[in-house]
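*Asks:* One structure is given below, represented as structure tokens, and several questions about it will come after.
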Amino acid sequence: MSLRSFTVYDIFGRNALLTPEGVAVAGPGEKRITFKNLLEEVDALAVGLSDKGIGAGDRIAILALNHPRFFTLMGAAAALGAVVVPINWRLSEEEIRYILGDCTPKILAADAAQMSRARDTAPDGTEIYAFDTPEGTIQALDSLINRNGILPLASVNPEDPFCIIYTAAVEGKPRGAILSHENLAVGNVQLGARLGITPADAYLNMLPLFHITGLNLALSTLHVGGKNVVIEKFDEKQALELTQKEKISLLGSFPPILSRLTAQLEKEKYDVSSLRIVLGLDGPDNIKPFEEKTGATFWILYGQTETTGLVTFSPAMEKPGSAGRPGYLMKMRLVDDADNEVGPKESGEIIVQGPLVFSGYWGQDALNERTFRNDWHHTGDMGRIDEEGYLFFAGRKPEKELIKPGGENVYPAEVEEVILQCPDVESVSVIGVPDKQFGEGIKAICVLKSGASLKEEDLIEFVAARIARYKKPKYVQFVTELPVKPDGAIDRNRVKEIFGGNS
């Protein structure tokens, strides 16, 4: 540990010293964990993990819905220099199995809802622990608690890995983005300063903690000494009841969260006067009525897991249609394919520098070299900047084509690969189309083999049985042929022009 280091573990110590009796985490029911109690739990778990041989660089995977134990485990891992791997529980078992095989964790912690999948997907030699009640041979995570041992604080540097978050599969397999202690600590400071988060704020953890935006908002609130209120997953009625009860001031949102909250506010009356900021993605048609109903301000954003979340963010109605302006600690340029800066208002690839840029993809040296060429992180996303510095998103580069239903990342190539496994399908092109419910929907345009007959719903379920259900097409269209380029490859741009509607 260096003279000027500050790690994620130091966040827990800071708050235990400054506001020991302040509420750090509010869980289900009336459960409250103070900052003092949280540090005690973190330290005791860290001792127990060390007793099991967990140390610097070892991976600890989490497969669970949102749970107060996330915070304890993150703090304990940070104290030891271990690396947290929060896994998207919406993925298929095959995808989870791949991630666990790739990151090779020593320990996998799971909640009751995910325990059977944890058992089925964990590699040999991985010890499984239950967040809650132990099941059979599976011990509770609390069994590792050791309050009598001496905490063996590791020599952790800010640039050391803190977590690995697996992103969508560009080339068929998810890739683990490594985020350092510095990435998260600096990101907390940037977000806290820009949004004005203080110890008086309360954040409702309804975005999943395996998602970078959910993790950002949770850790930023923790960092400044605010209160984290934890629910397993989004439910509009529960979210509004807790906003009223816990005086929630901060939310994260991806479609269709905002529209569902507004609809619930139309049905029942709630006191949401404490709510001041909602951060996420949505369109003006949903943002305006929500702001009018609540008095809160919706902040729009652009970012990636690879940039520790936010590159740009601003109040959405400050410049409708934009993705906001760059954060305080982010350098951003728009460039052509040769990395030459494009002219004003021209579209170019978004590349960034700064302390929030991730360390690289786990075990992907060649990809890292390509991504970090010329000492800039190449996002693969396209944009343009107006005269006031607002970024306008302009799609993705062909090799990074991406669809975002409800804030999740889905690469068309991954869905196409699965669809082509269907014996009735000759060729396919998967594109994103406008969708009122999720902002963007997945559409598959398919050519069937001669004599084949296939129903739309059958193809959708075929995909859902093989990869995460949120990656399945919402729309399917069967055609006699797809447009192709002179070299015979499917012309994706023409596909979008012809079939870009959602029906």
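The values are calculated or read from the model by the stated rules, or taken from the named source; none is laboratory data. Everything numeric in this text was worked out from a predicted model, so none of it was measured. Cβ placement follows ideal geometry from the backbone for every residue including glycine, while neighbour counts extend to all protein chains displayed. Side chains included, ligands, DNA and RNA excluded: accessible areas come from the protein's heavy atoms. Shrake-Rupley method; radii C 1.70, N 1.55, O 1.52, S 1.80 Å.
*Asks:* Out of every Cα-Cα pair in the range 126-214, what percent are more than 22 Å apart?
*Replies:* 58 percent
*Asks:* Restricting to DSSP H runs of at least four residues, report the calculated mean residue ellipticity at 222 nm for the chain, -39500 (n - 2.57) per run over all residues, nearest 500 deg cm²/dmol.
*Replies:* Values: 14 runs with 151 residues, N = 503.
After summing the helix terms and dividing by the residues of the chain, the value is -9000 deg cm²/dmol.
*Asks:* Calculated FRET efficiency, Lys436 and Ala489, Cβ-Cβ r, R0 30 Å, to nearest 0.05?
*Replies:* Once the sixth-power term is evaluated, E becomes 0.40.
*Asks:* Something else now. Subtract the Cα-Cα distance of Glu456 and Asp120 from 0.36 nm times their separation in residues, and report this length gain in nm to one decimal.
*Replies:* This chain segment gains 117.9 nm when fully extended.
*Asks:* Accessible area of the chain with a 1.4 Å probe: how many percent of it is carbon plus sulfur?
*Replies:* Here it works out to 49 percent.
*Asks:* Turning to a different aspect of this structure: Using 1/(1 + (r/R0)^6) with R0 = 22 angstrom and r between the beta carbons of Ala112 and Lys52, what's the FRET efficiency to the nearest 0.05?
*Replies:* Step by step, r from the Cβ atoms, then E = 0.50.
*Asks:* Another question, if that's okay. Quick one: length gained pulling Lys233 to Thr480 fully straight, 0.36 nm per residue minus the C-alpha distance?
*Replies:* Full-extension gain reported as 84.7 nm.
*Asks:* Separate question: Residue farthest toward the positive end of the dipole of the chain, with Cβ of Lys/Arg at +1 and Asp/Glu at -1: which of Ala177, Ile165, Ser253?
*Replies:* Going by the charge dipole, the pick is Ser253.
*Asks:* Can you give the convex hull volume of the alpha carbon atoms of the range 350-433 per residue, in Å³?
*Replies:* 156 Å³
*Asks:* Could I have the simple spin-label model distance between Lys449 and Leu153, label points 7 Å from Cα toward Cβ, reported in nm to one decimal?
*Replies:* 6.4 nm
*Asks:* Could you compute how fast the chain diffuses translationally, taking Rh as the Kirkwood radius over C-alpha pairs and applying Stokes-Einstein at 10 °C with viscosity 1.306 mPa s? Give it in µm² per second.
*Replies:* On the way: Rh = 23.7 Å.
Answer, rounded: 67 µm²/s.
*Asks:* Could you work out how much longer the chain between Phe6 and Asp285 gets when fully extended? Use 0.36 nm per residue separation minus the Cα distance between them, nm to one decimal.
*Replies:* Stretched fully, the Phe6-Asp285 segment lengthens by 96.2 nm.
*Asks:* OK, next. Would you mind getting the accessible area per residue of the chain, heavy atoms of the protein chains only, 1.4 Å probe, in Å²?
*Replies:* 41 Å²
*Asks:* Related question: In the calculated pair distance distribution of the range 450-501, what percentage of Cα-Cα distances lie above 18 Å?
*Replies:* Considering the range 450-501, 49 percent of its Cα-Cα pairs are separated by more than 18 Å.
*Asks:* To the nearest 0.05, what FRET efficiency results for Ala140 and Lys31 with a Förster distance of 22 Å applied to their C-beta separation?
*Replies:* On the way: r = 16 Å, r/R0 = 0.73.
Working from the Cβ atoms, E equals 0.85.
*Asks:* Take peptides 211-219, 360-368 and line them up by average Cβ neighbours within 10 Å, highest first, as a rough protection proxy.
*Replies:* Highest-to-lowest ranking by the protection proxy: 211-219, 360-368.
*Asks:* Moving to a separate point now. Arranged from highest to lowest average of other beta-carbon atoms within 10 Å per residue, in what order do the peptides 481-490, 257-266 appear?
*Replies:* 257-266, 481-490
*Asks:* Shifting gears a bit: Considering every Cα-Cα pair within the range 1-105, what fraction, in whole percent, is farther apart than 19 Å?
*Replies:* 51 percent
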